[in-house]
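A.B. asks: Below you'll find the structure I mean.
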Amino acid sequence: MLDIQLLRTDLAHVARVLATRNYIFPTTEFSALEAERKNLQTYTEELQARRNAASRQIGNAKSRGEDVSSILAEVASLGDELRQAEAQLQKTQAALQQILLQIPNLPHSSVPEGINEADNREVRRWGTPRAFDFMVRDHVSIGEGLGLLDFPTATKLSGARFSLMTGALARLHRALAQFMLDTHTQEHGYTEAYVPYLVNAESLRGTGQLPKFKEDLFEIPRKKAGSVEVLSGQENYQDALTSNSTYQPEDDDLYLIPTAEVPLSNMVRDRIVALESLPIKLTAHTPCFRSEAGSYGRDTRGMIRQHQFEKVELVQIVHPQHSYEALEELTGHAETILQKLELPYRVMALCTADMGFSAAKTYDIEVWLPEQNAFREISSCSNCEAFQARRMQARFRKEKGKPELLHTINGSGLAVGRTLVAILENFQNSDGSVSIPEILHPYMGGLVRLTA
RNA sequence: GGAGAGAUGGCCGAGUGGUCGAAGGCGCUCCCCUGCUAAGGGAGUAUAGGCUCAAAAAGCUUAUCGAGGGUUCGAAUCCCUCUCUCUCCGCCA
């Protein structure tokens, strides 16, 4: 969420900058609503002040045993007027908030301007893709050849975009996650966290997935009040009819996390943290669930794009002055994993049009996949500045003055499934076996090679 | 799932319709006193928003006592709904 003060004072500029993200700011609508809000709020608060003053008078008079009927008559008409004003103000503010929640973050000045992913800028490159003297195969062919990867059965169990691994491949998958976690906790100073995989709507609003990207999430409805079950009981039925509650079932639903960024970042939601506790560096290994709505036909083969995948996430919650250093650092932490695994990659600075909703700046790390003869995204590291913190009301207490919004940085360190894909493809041998990167040997009980 | 208790400021805790953003204590900050890592005295100590203002400062003002709604001139206090926490029983990895 952007600072509404900024929109009030410099709307044209904000609209211009957001246009580079392919976002059309509803300028007219916003201005109209904002003007309305100002009028309504001034008016409403004036009425409230009058009511409060009168009520105080009544209290005083009564305590002195005086007659209050004249004051009562004075405020008699106030009630309806006030109620109406309050309702209208609330409606206007809700509309304004709805707009505000859907505006993407402002790109940082260092972000290259562009119209699509072709305008992303390569920042650096590490490693040299290996030269093969045989026909390289993709991970599906390799995995199935080893008898350790089974998509047909995964499809039988669940459907498209799920995978099933067995034996040493399943173990390698687990080993990767362990290795990543160990590296980040022991060498990079992150605190490991075990987090819920189901989160509420408020958490998703905090990090920016809701309300705009609901269709990308798996939602778990809760069976409860308001449903047919409750209405069947006579007593409850009466209750439901007479209840003044504005209870909304969808607000109560839980969602499967699309990334551990959601629970990790939301740890500081509605909190004012001590200055000394910064930076907060958190990591977690979790499954991630994505509906992949709108990506039909893309990456249908293999385990590149799945409804369920594992990821080791890195999150930093930092002082605003240090967030760009933190972004560089965190990106480096993710790169370390690829370096230790000896996987060639490049780092891309995403252009304005290709960045995610909450990001002010994003580096994508892309790993080399020989069969695709291309670099593919394996990590995405973003500085969200105060965008998420403002939604979450995540602040820190300064030496002096008001609490200030934190900055949040997150990145994958790394996507486990895609790392596994990269290992299968980069470390494949002509006989169909796959060598295991040296750093993983201890995690594999000394196994150095996947064989059929 | 059944029965009961509860949710107040950084923490503890008072407050059952009126001057309460909230007594008191603890903690913290500043000052004073004290020649010694103690004790005492004083002051301060929530958050968000709006308006006036070029801005700052300042002033005025609104909201918030788990959340939402209601009753009332007036709600931390009364009523309704929900959420969460705790205790006992049941079930369960």
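Taken together, the values in this text are just the output of simple stated rules run on the coordinates, not laboratory data. Values in this document were obtained by computation on a predicted structure and should not be read as measured data. Please note: Cβ atoms are built from the backbone with ideal geometry, for glycine as well, and neighbour counts cover all protein chains shown.
A.B. asks: If I filter the range A:393-406 down to residues being more than 10 Å from RNA strand B (Cβ to nearest atom) and within 19 Å of A:Phe357 (Cβ to Cβ), which single residue comes out as surrounded by the most Cβ atoms within 10 Å (Cβ to Cβ)?
C.D. replies: A:Leu406
A.B. asks: Any idea which of A:Leu420, A:Leu440, A:Leu414, A:Leu424 is in contact (Cβ under 8 Å) with a residue 12 or more places away in the chain, surrounded by fewer than 24 Cβ atoms within 10 Å (Cβ to Cβ) and either of a type in the set (A, V, I, L, M) or in a helix (DSSP H, G or I) (or both)?
C.D. replies: From the options A:Leu420, A:Leu440, A:Leu414, A:Leu424, the qualifying one is A:Leu440.
A.B. asks: Only one residue in A:Ile409, A:Ile378 is under 21 Å from A:Ile317 (Cβ atoms), more than 16 Å from RNA strand B (Cβ to nearest atom), touching a strand residue (DSSP E or B) at 6+ places or on another chain (Cβ under 9 Å) and in a strand (DSSP E or B). Which one?
C.D. replies: Residue meeting the stated conditions: A:Ile409.
A.B. asks: Next question, about the same structure. Just wondering, is there one or more residues in the range A:341-349 that are in contact with a strand residue (DSSP E or B) (Cβ under 9 Å, 6 or more places away or on another chain) and closer than 24 Å to A:Val268 by Cβ?
C.D. replies: no
A.B. asks: Same structure again: Is at least one residue of the range A:29-36 crowded, with 16+ Cβ neighbours inside 10 Å, free of Cβ contacts under 8 Å to residues at least 24 places away in the same chain, within 30 Å of A:Pro112 (Cβ to Cβ) and more than 13 Å from RNA strand B (Cβ to nearest atom)?
C.D. replies: Scanning the range A:29-36 turns up no residue that is crowded, with 16+ Cβ neighbours inside 10 Å, free of Cβ contacts under 8 Å to residues at least 24 places away in the same chain, within 30 Å of A:Pro112 (Cβ to Cβ) and more than 13 Å from RNA strand B (Cβ to nearest atom).
A.B. asks: Then there's this: What are the residues in the range A:100-144 that are assigned to a helix (DSSP H, G or I), of a type outside the set (A, V, I, L, M, F, W, C) and surrounded by fewer than 18 Cβ atoms within 10 Å (Cβ to Cβ), if any? Give the derivation first.
C.D. replies: Of the range A:100-144, the ones assigned to a helix (DSSP H, G or I) are A:100-101, A:117-119, A:139-144.
Retained after the next criterion (residues that are of a type outside the set (A, V, I, L, M, F, W, C)): A:117, A:119, A:139, A:141, A:143-144.
A:Glu117, A:Asp119, A:Glu144 - these are the residues of the range A:100-144 that are assigned to a helix (DSSP H, G or I), of a type outside the set (A, V, I, L, M, F, W, C) and surrounded by fewer than 18 Cβ atoms within 10 Å (Cβ to Cβ).
A.B. asks: If I filter the range A:43-69 down to residues being of a type in the set (Ser, Thr, Tyr) and surrounded by fewer than 12 Cβ atoms within 10 Å (Cβ to Cβ), which single residue comes out as nearest to RNA strand B (Cβ to nearest atom)?
C.D. replies: Across the range A:43-69, the extreme among qualifying residues is A:Ser63.
A.B. asks: Being closer than 28 Å to A:Leu338 by Cα and touching a strand residue (DSSP E or B) at 6+ places or on another chain (Cβ under 8 Å) is true for just one of A:Arg130, A:Arg125. Which residue is that?
C.D. replies: The unique qualifying residue is A:Arg125.
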